[in-house]
Amino acid sequence: MTDAAAAATGALEAALAKVEDPEIPVTLLDLGVLRGVSVEGTRVLVRLRPTRLGCPGRNNMERDVAAAVKAVDPSLTAEVDWELLPWRERDVRPAGKAALKESGYAVLLGGPARCPYCASENVRSDGEFGGALCKVPYTCRACGSTFDAMRSALACGRCR
């Protein structure tokens with residue numbers, strides 16, 4: 001890779017690292033959705049892994065990714081390759097976990113759900129699905145707060 005190509009790829013990676021999820025104020029990179037970037041001539045291939053295969057925000061993510069690529073170089077064309085592998089909660093980076101917690105979301109990591117406000121495990125599930133397929137609604141019995149937890153299809157007993 002030439003120095004110019006490396007610089008262009010670095011600029012694209014930096015721009016794409018700022019693209020946020022359409023529903024939650026966290027970047028796709030920190031959420032573990034952005035999986036990779038490669039450049040072939042004027043074509044930029046961006047690999048994404050949705051939190052759920054039926055995620056309704058996929059079109060918005062594609063639009064935002066394309067806008068980020070065009071902002072770096074208008075002559076480039078973005079192509080999104082959706083990985084059909086299951087997203088896992090462990091894909092979330094520490095910055096993503098912090099952003100989710102700050103926004104009132106928990107991340108289910110195979111253990112019990114914890115309230116993002118008081119850290120209590122004394123919570124009640126309020127259903128299988130929240131406002132989106134990747135969210136599960138909870139109520140904290142300790143502080144009374146309601147919150148959503150992010151989870152993949154792997155965490156849903158009926159979805160396997």
* Asked: Restricting attention to the stretch 51-90, which residues are within 16 Å of residue 108 (Cα to Cα) and either at pLDDT 90 or above or in contact with a Cys (Cβ under 6 Å, 6 or more places away or on another chain) (or both)?
  -> 51, 52
* To do: Could you list all residues from the stretch 131-141 that are in contact with a Phe, Trp or Tyr (Cβ under 9 Å, 6 or more places away or on another chain) and in a loop (DSSP other than H, G, I, E, B)?
  => 134
* Asked: What about residue 65, is it under 26 Å from residue 102 (Cβ atoms), out of contact with any Lys or Arg (no Cβ under 6 Å at 6 or more places or on another chain) and buried (at least 21 other Cβ atoms within 10 Å of the Cβ)?
  -> yes
* Do you know which residues across the stretch 129-145 are of a type outside the set (D, E, K, R), touching a Ser or Thr at 6+ places or on another chain (Cβ under 8 Å) and at pLDDT 85 or above? -> 136, 137, 138, 139, 140, 142, 143, 145
* To do: Would you check if there is a residue in the stretch 11-34 being at positive phi, in contact (Cβ under 8 Å) with a residue 24 or more places away in the chain and not in a helix (DSSP H, G or I)?
  => yes
* Structure fact -> Among residues of the stretch 96-128 being assigned to a loop (DSSP other than H, G, I, E, B) and acidic (Asp, Glu), the residue modelled with the lowest pLDDT is 128
* Limited to the stretch 92-144, what total is found for residues that are under 18 Å from residue 21 (Cβ atoms), out of contact with any helix residue (DSSP H, G or I) (no Cβ under 9 Å at 6 or more places or on another chain) and charged (D, E, K, R)? -> 3
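The values are calculated or read from the model by the stated rules, or taken from the named source; none is laboratory data. Keep in mind it's a predicted model, so treat the numbers as computed, not measured. FYI the Cβ positions are ideal-geometry reconstructions off the backbone, even for glycines, and counts take in every protein chain you see.
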